[in-house]
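Novice: Take a look at this one; I'll ask things after.
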Amino acid sequence: MRRKLNAAFKSFIEKVETLTNNSVSFEKPFRELGFQGTPHRSMVHLQPTPSCLVNVSEQPPFILTLDQIELVHFERVSFSLKNFDMVFVCKDYTKKVVMITSIPMKQRDQIKEWLNSCDIKYTEGLQSFNWQKIMKTIVDDPEGFFDNGGWTFLEPESDSEEKEGGDD
């Protein structure tokens, strides 16, 4: 049954691409880069494609277009925890951040490799942030935010520098 469905879908793709003179194209997910996570209320298998991160097999579907993403931040990254969370910050700061929770820690390195291959900057840290408040601060005074270092507060080195500066 699965072979029949795959063949029917492949035929559908070829017909659509032919009829539209390749103006509509389909992307194939990178199955080996897939990972478990919770973008909505339940754990699903998320798969990267060349331009998106998707899960279309569960309802509601999850589709995140990568060209809209400026930064990805891994929260709750600790060797004592089994899972971490991933936050996608959009280039349009007025949009709400996209969060995927409960990602198994063992998949962190492969996700980092995928983000590197897409030229998407990522950071990681122990704590969770109030992203609604952070984004409001940026939208209210974007120049001030970037004059004060911008996203450097997410870098692990920024914590140690602040602590060292406080001791002086």
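Novice: Among the candidates GLN127, GLN107, single out the residue that is under 24 Å from MET43 (Cα atoms) and either in contact with a Ser or Thr (Cβ under 8 Å, 6 or more places away or on another chain) or part of a helix (DSSP H, G or I) (or both). Before the answer, list the steps.
Specialist: Numbers: GLN127 fails: either in contact with a Ser or Thr (Cβ under 8 Å, 6 or more places away or on another chain) or part of a helix (DSSP H, G or I) (or both).
Answer to the check: GLN107.
Novice: With the requirement that a residue be loosely packed, with under 11 Cβ neighbours inside 10 Å and under 20 Å from THR49 (Cβ atoms), what does region 12-23 give you?
Specialist: Applying the first criterion (loosely packed, with under 11 Cβ neighbours inside 10 Å) to region 12-23 yields 15, 18-23.
If the condition is that a residue be loosely packed, with under 11 Cβ neighbours inside 10 Å and under 20 Å from THR49 (Cβ atoms), then THR20, ASN22, SER23 are the ones that fit.
Novice: For residues that are hydrophobic (A, V, I, L, M, F, W, C) and in contact (Cβ under 8 Å) with a residue 40 or more places away in the chain, scanning just region 71-80, find the one that is most open to solvent (accessible area, probe 1.4 Å).
Specialist: VAL77
Novice: Here's another thing I want to ask about it. List the number of the failed condition for LYS4; all other conditions in (1) modelled with pLDDT of 90 or more; (2) under 15 Å from the mean Cα position of the chain (by Cα); (3) not in a strand (DSSP E or B) hold.
Specialist: Here LYS4 meets the rest and fails (2).
Residues are listed down the side, and each one gets a yes or a no for (1) modelled with pLDDT under 95; (2) open to solvent by 90 Å² or more (accessible area, probe 1.4 Å):
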| residue | (1), (2) |
| --- | --- |
| VAL56 | yes, yes |
| PHE62 | no, no |
| ILE69 | no, no |
| MET86 | no, no |
| PRO104 | no, no |
| SER128 | yes, no |
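Novice: Sticking with this structure for a sec: Take the residues in region 106-126 that are of a type in the set (Asp, Glu) and open to solvent by 90 Å² or more (accessible area, probe 1.4 Å); name whichever of them is farthest from ASP67 (Cα to Cα).
Specialist: Result: ASP109.
Novice: With the checklist (1) out of contact with any Asp or Glu (no Cβ under 6 Å at 6 or more places or on another chain); (2) under 24 Å from ASP141 (Cα atoms); (3) surrounded by 12 or more Cβ atoms within 10 Å (Cβ to Cβ) in hand, flag the one item LEU33 doesn't pass.
Specialist: It fails just one condition, (2).
Novice: If you don't mind, another one. All but one of (1) among the charged types (D, E, K, R); (2) within 23 Å of GLN127 (Cα to Cα); (3) at pLDDT below 90 hold for LYS28; which doesn't?
Specialist: (2)
Novice: When region 19-51 is examined, which residues are found to be touching a helix residue (DSSP H, G or I) at 6+ places or on another chain (Cβ under 6 Å) and either in a strand (DSSP E or B) or of a type outside the set (S, T, N, Q) (or both)?
Specialist: VAL24, PHE26, LEU33, PHE35, PRO48
Novice: Here's a follow-up. State all residues of region 88-102 that are within 15 Å of VAL44 (Cβ to Cβ) and surrounded by 18 or more Cβ atoms within 10 Å (Cβ to Cβ); if no residue qualifies, say none.
Specialist: Across region 88-102, the qualifying residues are VAL98, ILE100.
The values are calculated or read from the model by the stated rules, or taken from the named source; none is laboratory data. Owing to the predicted nature of the structure, the values given are computational and were not obtained by experimental measurement. Neighbour counts run over all protein chains shown; Cβ positions are idealised from the backbone, glycine included. Keep in mind that these areas ignore ligands, DNA and RNA; they rest on the heavy atoms of the full protein, side chains included. Shrake-Rupley method; radii C 1.70, N 1.55, O 1.52, S 1.80 Å.
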